[in-house]
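The values are calculated or read from the model by the stated rules, or taken from the named source; none is laboratory data. Remember, it's a predicted structure, so these values are computed and weren't measured experimentally. Positions of Cβ are backbone-derived with ideal geometry, glycine not excepted, and every protein chain shown enters the neighbour counts.
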Amino acid sequence: MRGITIVRLSPDSPHVATVASWTFAEWGHLNPGHTAETWREAFRRECGEGGVPSVFVAMQCDQPVGTAALMAEDMASRGELTPWLASVFVLPEWRGRGIAARLIRRVEEEAADSGFDQFYLYTPDQQGLYRRLGWQDHEELSYRGEEVSIMLRRLEA
């Protein structure tokens, strides 16, 4: 999509608070005990310089419109699985334009460049999107009160 660029989010970016607020609104309920402030500080620590962890943002001019991350852990009950594609989110008014796919591909690139040959994600309801992008079903389970699928992506060296 023209006009959209995918950039690495740095810890000192002025967009950290905005993007952290999106992910808190979307997934904060899965992490009881976090406030918006503690979530934002944890999110800032995930904004690594490369590899795991890394956060990417889709930008329209100087405005963030979507995000995705590469993290060491995203599901406490499956600590043996690493790394994870996490926090894929596009603002509702920007959906349906291929932005999520571009963010996912950028995270896949980061994982491959970091030497991983596979990685994981979990989703309650976006299996179709991920399957279209080459992800495979790995496991079905109940996680924090929600039925989810763990999916696996094998990466080219």
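How many residues are buried (at least 16 other Cβ atoms within 10 Å of the Cβ) and either outside any helix (DSSP H, G or I) or free of Cβ contacts under 8 Å to residues at least 24 places away in the same chain (or both) if we restrict to region 1-27?
Count: 6.
Quick check on my filter: what residues within region 114-132 are closer than 23 Å to ILE99 by Cβ, of a type in the set (A, V, I, L, M, F, W, C) and out of contact with any helix residue (DSSP H, G or I) (no Cβ under 6 Å at 6 or more places or on another chain)?
LEU121, LEU129
What's the number of the condition GLU37 fails, among (1) outside any loop (DSSP other than H, G, I, E, B); (2) touching a residue at least 12 places away in the same chain (Cβ under 8 Å); (3) of a type outside the set (Val, Ile, Thr); (4) over 20 Å from ILE99 (Cβ atoms)?
Tallying (1) outside any loop (DSSP other than H, G, I, E, B); (2) touching a residue at least 12 places away in the same chain (Cβ under 8 Å); (3) of a type outside the set (Val, Ile, Thr); (4) over 20 Å from ILE99 (Cβ atoms), GLU37 fails exactly one: (2).
Take region 80-98 and flag every residue that is exposed (fewer than 15 other Cβ atoms within 10 Å of the Cβ) and over 21 Å from ASP117 (Cβ atoms).
Correct list: PRO92, GLU93, ARG95, GLY96, GLY98.
Let me confirm something: among ALA101, ALA42, which residue is touching a helix residue (DSSP H, G or I) at 6+ places or on another chain (Cβ under 9 Å), at pLDDT below 95 and closer than 18 Å to ARG8 by Cα?
After ruling out the rest, the residue left standing is ALA42.
Restricting to strands (runs of 3 or more DSSP E) lying wholly in region 57-157: which have 3 or more residues that are more than 15 Å from GLU26 (Cβ to Cβ) and aliphatic (A, V, I, L, M)? Reasoning before the result, please.
Working: elements: 63-71, 84-90, 118-123, 136-143, 146-154.
Here the list reads 146-154.
Looking at region 4-19, which of its residues are more than 19 Å from ARG106 (Cα to Cα) and either among the hydrophobic types (A, V, I, L, M, F, W, C) or modelled with pLDDT under 95 (or both)?
Correct list: ALA17 only.
Could you please tell me which pairs satisfy a Cβ distance under 8 Å, a separation of 6+ or placement on different chains, a first residue in region 117-130 that is in contact (Cβ under 8 Å) with a residue 40 or more places away in the chain, and a second residue that is basic (Lys, Arg)?
Short answer, once both residue conditions are applied: ASP117/ARG154; PHE119/ARG153; TYR120/ARG78; TYR120/ARG153; LEU121/ARG153.
Suppose we keep only residues that are touching a Leu at 6+ places or on another chain (Cβ under 9 Å), of a type in the set (A, V, I, L, M) and touching a residue at least 60 places away in the same chain (Cβ under 8 Å) within region 69-98. Which one would you say is farthest from ARG153 (Cα to Cα)?
MET75
Do we have SER149 as free of Cβ contacts under 8 Å to residues at least 60 places away in the same chain, within 19 Å of GLY79 (Cβ to Cβ) and in contact with a helix residue (DSSP H, G or I) (Cβ under 7 Å, 6 or more places away or on another chain) here? Walk me through it before giving the result.
Working: free of Cβ contacts under 8 Å to residues at least 60 places away in the same chain: yes; within 19 Å of GLY79 (Cβ to Cβ): yes; in contact with a helix residue (DSSP H, G or I) (Cβ under 7 Å, 6 or more places away or on another chain): yes.
Yes.
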